[in-house]
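Below you'll find the structure, written out as structure tokens, and then a few comments.
The values are calculated or read from the model by the stated rules, or taken from the named source; none is laboratory data. Source: prediction; values computed, not measured. Here the Cβ is made from the backbone with ideal geometry for all residues, glycine too, and neighbour counts use every protein chain on show. For the accessible areas, the whole protein counts, side chains as well, though only heavy atoms, and no ligand, DNA or RNA atoms are used. Shrake-Rupley method; radii C 1.70, N 1.55, O 1.52, S 1.80 Å.
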Amino acid sequence: MTKAEARVAPAQVAGRRLLRRSRRKGALRRIVAGCLVVGLALAAPVRVAAEATRIAISCGALGVERRLCEQAVAQWERRTGNQVEIVTTPNSSTDRLALYLQLLAAGAPDIDVLQIDVVWVGMLASQLIDLAPWVGDAPAQHFASLIENDTVGGRLVALPWWTDVGLLYYRKDLLARHGFPPPRTWQQLSETAAAIQRAERATGHRGLWGFVFQGKAYEGLTCNALEWIDSFGGGTILDADGEVTVDNPRAVAALALAATWVGDIAPPGVLNYDEEASRGVFQSGNAVFMRNWPYAWALAQGIDSPVRGRVGVMPLPAGGVEGGKVSGTLGGWHLAVSRHSRHPAEAADLVAFLTGRAQQKKRAIEASYNPTIPALYEDAQVLAANPFFGALLEPLRNAVARPSRAAGVHYNRVSNAVWRAAHDVLAGQPADERVRALAERLARLEHRLRR
Ligand code: GLC
């Protein structure tokens, strides 16, 4: 098994399991239908009681996602009398996509409501229903840019559930103890992290690292790499028209700087870190800085968190070069209804309920998930629970989008090429050669895309 195969294996196994179950259910349905016919013939007239509809939703399980999903779904069940099965899917965005592609391609009706990444809309649109006829004026309350993202060929194929932007978490106590301000540039971050790591290790905290981020070869690394490159003024890999822009000295300099971190201020294992692995190191008190999404705030500040009360959060550093800027990748998860669903009306109603204002407010207060409804950033209770949310509106509005609109159905191939190149550079390959090879690969892909 190759490494790539090993990575998608859990998703494939889960997919096969769901498909098998789907076939078994099909057989069961045929048996039940057969019995009904016989029953009707023998004992007519029969009164069929109104039955609750059963639908299934896929929810993530990162941090407290699963618990939040269960609570919200239970509320909808009580309101409607319907029943919902929660299907847990892999945490890694990349593995989850592999599972969805397998299920959708097979036309499996097992998951009615899909939790999809903001960058998958173009890839999955043809497999999703148009929600517009079902959800009334709900779209008007969300950030217009997200609704635009979710509208493909005039069809509203998803509604936003929460939005994400890359942020920098830091240990306020360690910065204060060693007399450093929060870093404004990546170069300052490198220096501050190195100095604090050295000083702390010398006084006994041997397991302390300067910086943790998402360096594993998957979608999360594409997000990190885009932040480094764009903050150096190196562009967004493809521009809005799909032209390849990544082969430039700024992109090379950004990736080359990131490569110097590995084994120095970042543990060698960062090459295999996703969001939760980085959070594990930071939250147990073993890193000065961490790049992560907003969800990490509520957990780092949780009652049982060893770093509770000692964490600061701010926009990511800028590229400290002329033309450099702050750049946080736009992330987030949306809800969509599979076109293979047997209950689109109920599924769309669940989507409208979960993405609505009341649920988004609850998630923001309890677990610092960023609402996709701008009005909630002015809500006193939301701001009391997340003092940094007010300061997030700006980074969110300026968040850099991955080139998913330009790449459309081919986004995953583009992103795959990006994270592989970034991973190779982090692992020691020369940044200039690797970026050139990436640009050539993307240009070949682009050529195929345009034909
Ligand atoms: C977060 C983001 C999502 C991104 C993923 C990468 O879940 O919300 O958009 O693709 O991280 O790991």
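Below, the figures for the structure above:
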read-out: Hz values of 3J(HN,Hα) by residue in the stretch 315-323 - Karplus curve (6.51, -1.76, 1.60), Gly and Pro given as x; value: x, 5, x, 8, x, x, 9, 4, x
read-out: Percent RCO, i.e. relative contact order, over the stretch 343-451, from Cα pairs under 8 Å lying at least 6 residues apart; value: 13
read-out: Partner aspartates and glutamates for Lys362 [C-alpha distance under 16 Å; skip if fewer than 8 residues away on the same chain]; value: Glu65, Glu70, Glu378, Asp379
read-out: Percent accessible area from carbon and sulfur atoms, the stretch 332-451, protein chains only, probe 1.4 Å; value: 49
read-out: Potential extension, Glu70-Ala106 segment - 0.36 nm per residue separation minus Cα distance; value: 10.2 nm
read-out: Angle in degrees between helix 219-231 and the longest Cα principal axis of the chain, rounded to the nearest 10; value: 40
read-out: Estimated vicinal HN-Hα couplings, Hz - the stretch 150-163 in sequence order (Karplus 6.51, -1.76, 1.60; Gly, Pro = x); value: 8, 9, 10, x, x, 9, 8, 9, 7, 10, x, 9, 8, 10
read-out: Simple label model, 7 Å out from Cα along Cβ direction - Arg397 to Ala202, nm; value: 4.5
read-out: Chain lengthening between Arg448 and Glu276 when straightened (0.36 nm per residue, less Cα-Cα); value: 58.3 nm
read-out: Separation of alpha-carbon centers, the stretch 307-357 and the stretch 180-211, rounded to whole Å; value: 30
read-out: Amide hydrogen neighbours beyond the local backbone of Trp162, cut-off 5 Å, H modeled; value: Trp333
read-out: Potential extension, Glu433-Ser145 segment - 0.36 nm per residue separation minus Cα distance; value: 100.1 nm
read-out: The chain, relative contact order [Cα under 8 Å, separation at least 6], %; value: 23
read-out: Carbon + sulfur, % of accessible area of the stretch 192-314 - ligands and nucleic acids excluded, 1.4 Å; value: 53
read-out: The stretch 261-356: relative contact order in percent, alpha carbon pairs under 8 Å with at least 6 residues between; value: 12
read-out: For the stretch 403-414, 3J(HN,Hα) per residue [Karplus equation, 6.51 cos²θ - 1.76 cosθ + 1.60, θ = phi - 60°, Hz, x = Gly/Pro]; value: x, 6, 6, 5, 7, x, 5, 9, 3, 4, 5, 5
read-out: FRET efficiency for Arg184 and Arg54, using Cβ-Cβ distance with R0 set to 45 Å, rounded to 0.05; value: 0.25
read-out: Amide hydrogen neighbours beyond the local backbone of Gly328, cut-off 5 Å, H modeled; value: Val400
read-out: Probe 1.4 Å, protein heavy atoms only - accessible area per residue of the chain in square angstrom; value: 43
read-out: Val337 long-range amide H proximity, modeled H, under 5 Å; value: Leu114, Ile129
read-out: Cα-projected label distance for Thr260 with Ala375, points at 7 Å along beta-carbon direction, nm; value: 4.9
read-out: Cβ-defined net charge surrounding Ala254, 11 Å radius [Lys, Arg +1; Asp, Glu -1]; value: -1
